[in-house]
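Here the structure comes first, spelled out in structure tokens, and everything after it is commentary.
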Amino acid sequence: MLQIKDTLVSLDLIEDFFVCDLDACLGACCIDGDAGAPLLESEREEIEKVLPDVEPYLLPSSLNTIKEDGASYYDEDGDLVTQIVDGKNCVYTCYAPGGKCLCALEKTYSEGKIPDVKPSSCRLYPVRLKKYDGFTAVNMHHWKVCRSAYVNGRRLGVRAYQFLEGPLVREFGQEWYDELCLTAKEYLRQKGK
């Protein structure tokens with residue numbers, strides 16, 4: 001772990017090569033797993049405000065789930081997460097031709113109909129944040145559905161922290177990210193990587 005301001009950053013974020021390859025994985029991170037995407041309470045509120053604009057892109061089963069159970073819930077660990085539909089899909093999943101999974105929140109935003117309300121946990125993935133008293137742990141979540149992203153990252157020579165520049169800057173600020181880059185560069189130089 002490396003300390004950057006009030007965070008402890010996993011070395012995996014610096015060492016691992018990673019670039020999402022949606023053509024290979026088809027968005028499996030949105031349709032595979034045992035719980036929905038983690039949400040902040042403020043994110044749930046923002047999403048609920050724009051839900052009428054997002055609904056035209058949602059699957060019929062998602063609309064039914066939202067109507068009957070809401071768009072989010074507290075899982076068994078007490079974490080607020082998006083609903084799962086059909087035993088697999090995030091409630092905000094929609095599909096492009098060829099079976100590629102897309103995010104209805106992101107699609108609606110890209111068309112200029114809503115502000116960017118995509119949950120930070122989705123934007124940052126495969127990074128997961130865990131807040132503790134006085135610091136935040138910044139860890140990589142390793143999952144088999146992302147194998148193609150590790151291969152693609154290595155092929156392109158892009159490390160996870162570089163691929164996630166935008167989401168990391170949005171979460172922690174430019175100064176934090178710049179310090180991470182300097183620390184990563186020195187760490188990799190010392191390790192001969």
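Quick note: the coordinates plus some simple rules give every number you see, no bench work behind them. Predicted model, so just to flag it, every value in this text is computed and none were measured. A quick note on method: Cβ atoms are made from the backbone with ideal geometry, for glycine too, and the neighbour counts reach across all protein chains shown.
Around the Cα centre of segment 74-169, unit charges on the Cβ atoms of Lys, Arg, Asp and Glu (plus for the first two, minus for the last two) sum to a dipole of about 580 debye.
Mind checking the alpha-carbon convex hull of segment 131-193 and giving the volume per residue in Å³?
On the way: hull volume 7.6 nm³, N = 63.
Residue-normalised Cα hull volume stands at 121 Å³.
Taking a Cβ cut-off of under 10 Å around ASP32, the surrounding Lys, Arg, Asp and Glu residues balance to a net charge of +1, with basic ones at +1 and acidic ones at -1.
Filter the GluC sites (Glu not before Pro) in segment 108-193 down to the DSSP loop ones having no more than 10 other Cβ atoms within 10 Å, then list what survives. Write down the numbers at each step before the final one.
Working: sites: GLU111, GLU165, GLU171, GLU175, GLU179, GLU186; in loops: GLU111.
Counting only loop positions with at most 10 other Cβ atoms within 10 Å, the GluC sites (Glu not before Pro) in segment 108-193 are GLU111.
3J(HN,Hα) along segment 115-122: x, 6, 10, 4, x, 4, 5, 6 Hz, from the Karplus curve 6.51 cos²θ - 1.76 cosθ + 1.60 with θ = phi - 60°, whole Hz, x for Gly and Pro. In segment 1-125, taking the dipole from charged Cβ atoms about the Cα centre, the farthest positive-side position among ALA71, PRO115, GLN83 is held by PRO115.
Separation of segment 43-113 and segment 150-188, taken as the distance between their Cα centroids, equals 29 angstrom.
Pairs of Cα atoms in segment 73-126 fall into 10 Å distance bins, from 0 up to the last occupied one, in shares of 21, 49, 26, 3 percent. Scattering from segment 34-147 was approximated by placing one identical point on each alpha carbon and applying the Debye formula without solvent; log10 I(q)/I(0) at 0.12, 0.16 1/Å stands at -0.44, -0.79. About its Cα centre, the dipole of segment 18-76 is roughly 180 debye, where the only charges are +1 on Lys and Arg Cβ and -1 on Asp and Glu Cβ.
Can you give the net charge of the other residues whose Cβ lies under 15 Å from the Cβ of LYS118, counting K and R as +1 and D and E as -1? Summing Lys/Arg as +1 and Asp/Glu as -1 gives -3. Just list whichever of LYS49/LYS113; LYS49/LYS107; LYS49/LYS118; LYS88/LYS130; LYS107/LYS144; LYS5/LYS131 have alpha carbons separated by over 19 Å in the model shown. Where the Cα-Cα span goes over 19 Å, the pairs concerned are LYS88/LYS130; LYS107/LYS144. What does the charge count around ARG170 come to, taking other residues whose C-beta lies under 12 Å from its C-beta (Lys +1, Arg +1, Asp -1, Glu -1)? Combined, the nearby Lys, Arg, Asp and Glu give -1.
At q = 0.09, 0.15, 0.17 Å⁻¹, what is the log10 ratio I(q)/I(0) for the chain, with the Debye formula run over Cα points and no solvent? For the chain, the Cα-only Debye profile gives -0.36, -0.97, -1.20.
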